[in-house]
Amino acid sequence: MKKHLQWLVGFIKCILSGIKSQKKCYVGLNVKVYNRGSIELGKNVKVRPGTGLYCNKSCSLILSDNCEIGRDSTIASHNKVFLGKGVLTGPHVFISDHNHEYQDINVPIYKQGVRMSPGDSIFIDEGSWLGTNVVIVGNVHIGKNCVIGANSVVTKDIPDFCVAVGIPARIVKKYNQTTKIWERV
């Protein structure tokens, strides 16, 4: 009964926030949605409490089937953010396809807008897992079935089947598809 009630509440929140959603989505308490663009949730998506979803005008934010966003996370799109099927995040994850502009030292940063190129996007492929406190900023592609370790900052692409950690994140293990063995990098 509790799950059905959670899904019903999620469905109602999606309608009120202008989110296009599939069946059985869970949208937790205190989830803030700033949707002037297009936010889409696939089937069985879970957005844990305290999360913020930001989608600017003419932009898209897509969470594919079976994605789960950890509590108190932030996902911000000024162009496009896409999470593939089964992407999981820990709590306090920050994902943004843009950054603050800082050109004029005489103007406060909050008045300078954002920095990004027209084609910039974040694409996190299916089955990847982002640990607690991971930050992903800029034009980044994370491949299939990757693990991004807790507290890592990703600003560059990560290929399929890799484990990346650190600030900035670097690959420490990669799955060799020929030998079927994980190799240290």
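The values are calculated or read from the model by the stated rules, or taken from the named source; none is laboratory data. Because the structure is a prediction, the values reported are computed rather than measured. For neighbour counting, all protein chains shown are included, and Cβ atoms are generated from backbone atoms with ideal geometry for every residue, glycine included. Just the protein is used for accessible areas: all its heavy atoms, side chains included, with ligands, DNA and RNA removed. Shrake-Rupley method; radii C 1.70, N 1.55, O 1.52, S 1.80 Å.
DSSP beta bridges in the chain, what fraction antiparallel, as a percent rounded to 5?
Numbers: 10 of 54 bridges.
Around 20 percent antiparallel, to the nearest 5.
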Run down the lysines and flag those whose C-alpha is under 25 Å from the C-alpha of residue 174, throwing out any fewer than 8 positions away in its chain.
85, 144, 156
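Set the Förster radius R0 to 35 Å, insert the Cβ-Cβ distance between residue 99 and residue 12 as r into 1/(1 + (r/R0)^6), and round the FRET efficiency to 0.05. Walk me through the numbers on the way to the answer.
On the way: r = 34 Å, r/R0 = 0.97.
The computed FRET efficiency comes out at 0.55.
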Tell me, Kirkwood radius of region 8-109 from alpha-carbon pair distances, in Å?
13.8 Å
Classify region 46-101: rounded, prolate or oblate, from the alpha-carbon gyration tensor (a ≥ b ≥ c, eigenvalue square roots; a/c under 1.5 rounded; otherwise prolate if a/b is larger than b/c)?
oblate
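Would you work out the charge dipole size for region 1-143 about its Cα centre, treating the Cβ of every Lys and Arg as +1 and the Cβ of every Asp and Glu as -1, and quote it to the nearest 20 debye?
Numbers: 17 positive and 10 negative charges, 150 e Å.
For region 1-143, the charge dipole is close to 720 debye.
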To the nearest 10 Å², what's residue 71's accessible area with a 1.4 Å probe?
120 Å²
Can I get the semi-axes of region 38-185's equivalent ellipsoid? Compute them from the C-alpha gyration tensor as square roots of 5 times the eigenvalues, in angstrom, largest first.
26, 19, 14
Pick out, from 60, 39, 12, the residue whose Cα sits farthest towards the positive end of the charge dipole of region 1-80, with +1 on the Cβ of Lys and Arg and -1 on the Cβ of Asp and Glu.
12
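Once the piece of chain linking residue 29 and residue 184 is laid out straight, how much longer is it, given 0.36 nm per residue of separation minus the C-alpha distance between them? Intermediate results must be reported in sequence, preceding the final value.
Numbers: separation 155, 0.36 × 155 = 55.80 nm, distance 4.09 nm.
Length gained between residue 29 and residue 184: 51.7 nm.
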Alpha carbon centre of region 91-128 versus region 139-171: separation in Å?
17 Å
Chymotrypsin sites (Phe, Trp or Tyr not before Pro), restricted to region 28-135: which are DSSP loop and have at most 15 other Cβ atoms within 10 Å?
102
